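Quick note: the coordinates plus some simple rules give every number you see, no bench work behind them. Please read all numbers here as calculations on a predicted model, not as lab measurements. Positions of Cβ are generated from backbone atoms using ideal geometry, with glycine treated the same way; all protein chains shown enter the neighbour counts.
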Amino acid sequence: MTKPRVKIFDTTLRDGEQSPGATMTHDEKLEIASMLDEMGVDIIEAGFPIASEGDFAAVKAIAENSVNAVICGLARANLKDIDRCWEAVRHAAKPRIHTFIGTSPLHRAIPNLSKDEMAERIHETVTHARNLCEDVQWSPMDATRTEWDYLARVVEIAIRAGATTINIPDTVGYTAPAESAALIRRLIAEVPGAEGVTFATHCHNDLGMATANALAAVEGGARQIECTVNGLGERAGNTALEEVVMALKVRGDIMPYETGIDARRLMAISRRVASVSGFPVQFNKAIVGKNAFAHESGIHQDGMLKNAETFEIMRPADVGLSATSLVMGKHSGRAALRSKLKELGYVLEDNQLGDVFVRFKALADRKKEVFDEDLIALMQAEEREAEDRIRVERLRVVCGTDGPQTAELTLSVDGEARSAEATGDGPVDAAFNAVKALVAHDARLQLYQVHAVTEGTDAQATVTVRLEEDGRIVSGQSADTDTVVASVRAYVNALNRLMVRREKAGRDAAEVSYKDVG
Ligand code: KIV
Ligand code: ZN
């Protein structure tokens, strides 16, 4: 028996990227879009074209390069936004305009519209979008806190005006599974015309129920789930793509729906999104966390050796995790490195391979065993730092019980070497002070996080640094067996990103936010 199909609508590049500090570059967005397309995502929300020139260019480029997926852009409920969105998505083989307005009492108060005025605006904007594009999605933002009568009324208006998908956002993560299912079920049963459109669910994770709410909405009749890779998104994030996909796969017995996703690509895209967004995946994250398939306790290990199903409801390979991760050492050659990287999803040209090989050899000299995770961290650092104008050339720190901790640092700034010495409370603080002495800036350190990539005292440390300057938030990341070196590289990587953002902000003098509803 064929199962009903649930479409996967990925909004990593729009809602996910809205997460402060998760900004991605143009090329990174293109790469993620192509990975999403290849893994079978039905609809990719590529961005919010009116927000900035950069957003527009990214959505347009993703649309031009799209292969299978529908490419969607977001637009507020005004004609200018919708026209700009269409300009960007119309290049796709399958374009979609997604327009929205906040319909709850709190959201209606922002543009100060009466219920009738807002209803009129919805009719006008959806009609306009539909005149441009055959595929139009409409969302009543904060639907789960909108009065039932008004919600049903505006959904009907949007359907009559030509919307083909009605998305019901739980914007602030307020609903719960039973309510989520009941709301969709009631809308489908009571709103005239509902049978002719697709209902979608868009859940935020403020109470940790985003995945449960999305799956419940499917039970209620939704046939499109909006989600992001790793659950990336503002505040506590969105429904995680990997969670809904695997839940439907593993529990097909009680949730008989299918998606078009090739689950074996989940690990690769999770790692890539973590790297480009600068938001590491928490170790105990379902499906893609480092510990999701790790079995620590003796009882678990014993059971696993006898029969993997004792404690595992899915196999690591089902989500693209290779069974063994021990790979190479200092005697491994270029061909072995190339083939291992290919297995991990990195296909390199000869010159790129040369650079990576030098880095790999340096790592293998310091670390006896190089694991898959080490190579992934190395590749992520290589890619993040490839375009950096400021680079770490040399670092020497003095630390220990007898302070002051001191750092001597040489940076190359646009090819010119600059050196400084600084002290601080500990080696990382001293090294960061040396960076500040060499590159003057007012950015505030918002986050400094260190994760060991593998076990052992010779493990690489992955460091994430988040900086904030004038409301602009950027993340930097790097990895090294020396935690202080990784920290300075991550800091410098964030500074490089800040420079790009400053230049971009100069070009897009009037950046807008999707919350500026007008
Ligand atoms: O959370 C939300 O309401 C949104 C809308 C723009 C769909 O992201
Ligand atoms: Zn959202």
Of all GluC sites (Glu not before Pro) in segment 403-502, the ones in DSSP coil with at most 15 other Cβ atoms within 10 Å are Glu455
Between Ser419 and Asn68, what's the calculated FRET efficiency when r is the beta-carbon distance and R0 is 56 Å? Round to 0.05. 0.60
Can you give the FRET efficiency for Thr25 and Met1, using 1/(1 + (r/R0)^6), R0 = 45 Å, r = Cβ-Cβ distance, to the nearest 0.05? 0.50
Find the centroid of the Cα atoms in segment 314-364 and in segment 1-73, then give the distance between the two in whole Å. 28 Å
Can you pick out the pairs among Lys367/Lys436; Lys29/Lys367; Lys60/Lys436; Lys7/Lys60; Lys290/Lys340; Lys7/Lys29 whose Cα atoms lie more than 29 Å from each other? Lys367/Lys436; Lys29/Lys367; Lys60/Lys436
What nm distance separates the two modelled labels at Ile188 and Gln449, each placed 7 Å from Cα along Cα→Cβ? 3.7 nm
Suppose every K and R has +1 on its Cβ and every D and E has -1 on its Cβ; what is the size of the dipole of segment 378-518 about the Cα centre, in Debye to the nearest 20? 380 debye
Backbone HN-Hα couplings from phi across segment 261-272 [Karplus 6.51/-1.76/1.60, Hz, Gly and Pro as x]: 7, 7, 5, 5, 9, 5, 4, 4, 6, 4, 5, 5
So in segment 7-277, what percent of DSSP beta bridges are antiparallel if you round to the nearest 5? 5 percent
Under a crude label model (7 Å from the Cα following the beta-carbon direction), how far is Asp350 from Ala437 in nanometres? 4.5 nm
Sum of -39500 (n - 2.57) over DSSP H runs of 4+, divided by residues of the chain (222 nm, nearest 500): -12500 deg cm²/dmol
Relative contact order of the chain, pairs being alpha-carbon contacts under 8 Å that are 6 or more residues apart, as %: 12 percent
Using alpha-carbon pairs under 8 Å, 6+ residues apart, how would you state the relative contact order of segment 7-277 in percent? 19 percent
Any chance you could give the angle, 0 to 90 degrees and rounded to 10, that helix 115-132 forms with the longest Cα principal axis of the chain? 70 degrees
Volume per residue, Å³, of the convex hull around the alpha-carbon atoms of segment 388-506? 101 Å³
